[in-house]
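Let me begin by presenting the structure, written as structure tokens, before commenting on it.
Nothing in this text is a laboratory measurement; each read-out follows from the coordinates by a stated rule. Values in this document were obtained by computation on a predicted structure and should not be read as measured data. Methodologically, a virtual Cβ is constructed for each residue, glycine included, from the backbone with ideal geometry; neighbour enumeration extends over all protein chains shown.
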Amino acid sequence: MHTSRRIITLMTPPTLTLAVFFLLPMVMMAVFSFRQGAFSPEREVFTLEHYAEFAANTAYQRLLGESALIALIVSALAILIAYPIAYFLAFHAGAMQLTLLTILIIPAWTSYLLRILAWKIILGTNGLLNSLLLSVGLISEAAPILLYSQTAVVVTLVYVWVPFVALPIFSALQRIDRSLLEAAADLGCTAWERFVRVTLPLSLPGVAAGFLFVFIPTLGEWVTPALVGGVQGTMYGNIIQDQFVRALNWPLGSLMSLVMLALMLLLLALFSRTVRLSDLAGV
């Protein structure tokens, strides 16, 4: 009985927080998606007009698919860059491990907007990239080569998320029993075989956690595309933001948000068939 009361006491605050700040807004958005309008006299009228509009506008579905692809590319690139960093920190950093780990985390202490604006300057006409290309003679005049494109969005988001991907991978690598690697070496495995057969499989929960840390927020990203993507780098989140802020079409914006959430839950369900989500709790 004492244990049950303790569990209820510990679980009540997060449960209430989740209900108030997540479930309740989701229910409100679902209700809004059926309304005629948010501020018009017919706002209390319920209709399926917005669902029909979304289904008929293939540009919305295409942009959602492109955004999912960008999120997948950003997640994959972030993992490819972060894994060697985490591997070095876990196995080769030695006494410098804490110092290097702190250096890895320091950029995350800086304002998100400042980091995005820094990349806007780097990729801009008078930025570092153009100055370098001009100095080596590859271009004759400065121009925003990568700025305001999907490439700029991908580069910036990869930079932002690499530390957040490296940390769960590093945590997973730290938990690997070193005696397993010694046993593999005693059995004649080369360094590469030890990595493929022992290290990589045991670190997959960290890789999966890093993937989810990147993919989920990137799918709904709108700040970075607005600052460095321009028209060519527009993502699904930008359209949702426009519906709420500029068009004041809250019902359609709510519907588009729910569609994105449904897609995310579907991908998580497919993801859970290959990687047990319960394994991520230990990361």
* Calculate the spin-label point distance for ALA191 paired with TYR112, positioning each point 7 Å from the Cα along the beta-carbon direction, and give it in nanometres. => 3.9
* Radius of gyration and Dmax for segment 174-277's Cα atoms, expressed in Å? -> 21.1, 67
* Structure fact -> Within segment 1-109, DSSP-loop trypsin sites (Lys or Arg not before Pro) with at most 11 other C-beta atoms within 10 Å are none
* Structure fact -> For ASP186, ASP242, ascending order of other Cβ atoms within 10 Å (fewest first) is ASP186, ASP242
* **Relative contact order, percent, the chain [alpha-carbon distance under 8 Å, six or more residues apart]** => 26
* Using amide H atoms built 1.01 Å from N in the peptide plane, name the residues 5+ places from ARG35, or on other chains, whose amide H lies under 5 Å from its own. => THR47
* Asked: So which GluC sites (Glu not before Pro) in segment 1-107 pass both tests, a DSSP loop state and at most 15 other Cβ atoms within 10 Å of the Cβ?
  -> GLU42, GLU44
* Could you compute the FRET efficiency for ILE176 and THR3, with r as their C-beta to C-beta distance and R0 at 25 Å, rounded to 0.05? => 0.15
* Specify whether the C-alpha gyration tensor of segment 63-124 places it in the rounded, prolate or oblate class, a ≥ b ≥ c being the square roots of the eigenvalues: rounded for a/c under 1.5, otherwise prolate if a/b is larger than b/c and oblate if not. => oblate
* Could you size up the charge dipole of the chain around its Cα centre, putting +1 on the beta carbon of Lys and Arg and -1 on that of Asp and Glu, and report it in debye to the nearest 20? => 540
* To do: Quick one: order VAL20, VAL228, VAL162 by neighbouring beta-carbon count within 10 Å, fewest to most.
  => VAL20, VAL162, VAL228
* Structure fact -> Note on the chain: helices (DSSP H) long enough, at least 20 Å by alpha carbon along their axis, and hydrophobic enough, mean Kyte-Doolittle at least 1.6, are 150-174, 200-219, 250-272
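Please arrange LEU63, LEU69 by how many other C-beta atoms lie within 10 Å of their C-beta, fewest to most.
So the residues, fewest neighbours to most, are LEU69, LEU63.
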* Pop a pseudo-label 7 angstrom from the Cα along the beta-carbon direction at both PHE46 and LEU16 and give the gap in nm to one decimal. => 3.0
* Relative contact order computed over segment 105-187 (Cα-Cα under 8 Å; 6+ residues apart), in percent -> 24
